[in-house]
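A.B. asks: Provided herewith is a single structure, encoded as structure tokens, for subsequent inquiry.
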Amino acid sequence: MDWTTIIVTVLTVLISNGGLVTLVTLKEKKTAAFLDNVTKLIDQWQEIAEERKQRVKELKDDLESKDKKIEEVIRDRSGVRDDLDHTRTSEAVAKILRCDNTSCLDRKPPFGSNDKLISNE
């Protein structure tokens, strides 16, 4: 067998079976497959980005609700602190003005006094 016979045989096989068309279009098929894969990848990343945006929004909403709760607790604690301060002040004044001898005529303040020393209002 010489080289011409081999080449003619190979060309005949390639042309009759569509091998020549396959060789010519192989690069186009690879490019099309690559572009298809890139498109799928982009779609997946866009989906991931949308999920992240939704998660960020959920986290921001949670943070805002927690901030509101914290502010409410701080306001409540401030009110309780003020009430406790008034109560402790009243107790301290009562201790200071307490007279041990209740039958004493020099008691200060005297019984029946309508003057208020501390107003809680």
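A.B. asks: With point charges of +1 on the Cβ of Lys and Arg and -1 on the Cβ of Asp and Glu, referenced to the Cα centre of the range 15-97, which listed residue (T89, N37, I74) lies farthest in the positive direction of the dipole?
C.D. replies: The Cα lying farthest towards the positive end belongs to N37.
A.B. asks: Can you give me the accessible area per residue for the range 15-97, using a 1.4 Å probe, in Å²?
C.D. replies: The answer is 94 Å² per residue.
A.B. asks: What net charge do the residues around S65 carry, taking every other residue with its C-beta under 14 Å from that of S65, with Lys and Arg at +1 and Asp and Glu at -1?
C.D. replies: -2
A.B. asks: Within a Cβ distance under 14 Å of L84, other residues only, what is the Lys/Arg minus Asp/Glu net charge?
C.D. replies: Local net charge: -2.
A.B. asks: Using 7 Å Cα-to-Cβ label points, what is the V10/W45 separation (nm, one decimal)?
C.D. replies: It is 4.2 nm.
The values are calculated or read from the model by the stated rules, or taken from the named source; none is laboratory data. Computed from a predicted structure; not experimentally measured. With ideal geometry, Cβ positions are generated from the backbone for all residues, glycine too; neighbour counts draw on all protein chains shown. All accessible areas refer to the heavy atoms of the entire protein, side chains included, with ligands and DNA or RNA removed. Shrake-Rupley method; radii C 1.70, N 1.55, O 1.52, S 1.80 Å.
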